[in-house]
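This report refers to the structure that appears directly beneath it.
The values are calculated or read from the model by the stated rules, or taken from the named source; none is laboratory data. Since the structure is predicted, the reported quantities are computational estimates derived from the model, not experimental observations. A quick note on method: Cβ atoms are made from the backbone with ideal geometry, for glycine too, and the neighbour counts reach across all protein chains shown. For accessibility, only protein heavy atoms count, side chains too; no ligands or nucleic acids. Shrake-Rupley method; radii C 1.70, N 1.55, O 1.52, S 1.80 Å.
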Amino acid sequence: MFSKLKSHFRRRSEHETDYDQLGHNAGGLPVEYFKVIETELRRLGIPESSASLEVVQVAMTPQGRGVYAGQVRLVRWDDGKAIRLLLGLPILERRVRRALQAHWVLELSNFSGLWLHAAEGVQSATAAHEIRAFFAQVNGPGITLGSDSGE
């Protein structure tokens, strides 16, 4: 009788939610992070044509939890959107962290933050010239970025 009672308590209710299983069935934790980060990117006014997003696992905690980061790649230099992303990165990250606080992914993993990378197309001479001009407007004529040796 004790073993029958014991097995009854071991059975899982059909109404229980296994977050780990749900995450894997729906594409895993990276997909859930992607949805949250992408939503905040779009709210900031950054379209897919200006920046791409990838979520990667960057480490494991000693407790076996994955540590994830959002990698935002600036793929096109269009003045307003690119500058909004560059200057708004701290705001974007704060919004993402706030949204994640209300999401179940943090019960299973850790978020290390957002990384920003400029793709090759953004590193062109034209983009560099526009960045220098904007930098001069913001900082005044006394402080410059200088010239790159590759231009």
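Residues of segment 70-84 that are more than 24 Å from Asn110 (Cβ to Cβ) and not aromatic (Phe, Trp, Tyr): Leu74, Val75, Arg76, Asp78, Asp79, Gly80, Lys81, Ala82, Ile83, Arg84. Filtering segment 66-88 to residues that are out of contact with any His (no Cβ under 9 Å at 6 or more places or on another chain) and at pLDDT 95 or above leaves Gly66, Val67, Tyr68, Ala69, Gly70.
Filtering Gly23, Gly28 for residues that are open to solvent by less than 50 Å² (accessible area, probe 1.4 Å), modelled with pLDDT of 90 or more and within 24 Å of His103 (Cβ to Cβ) leaves a single hit, Gly28. Inspection of segment 43-59 identifies no residue that is part of a helix (DSSP H, G or I), acidic (Asp, Glu) and open to solvent by 40 Å² or more (accessible area, probe 1.4 Å).
Condition check: over 17 Å from the mean Cα position of the chain (by Cα) and assigned to a loop (DSSP other than H, G, I, E, B). Does Pro62 satisfy that? Criteria met by Pro62. Checked against (1) assigned to a helix (DSSP H, G or I); (2) open to solvent by less than 40 Å² (accessible area, probe 1.4 Å), Val67 passes all but a single condition, namely (1). Annotation note: of Leu92, Leu114, the sole residue that is of a type in the set (A, V, I, L, M, F, W, C), under 22 Å from Gln57 (Cβ atoms), part of a helix (DSSP H, G or I) and at pLDDT 95 or above is Leu92.
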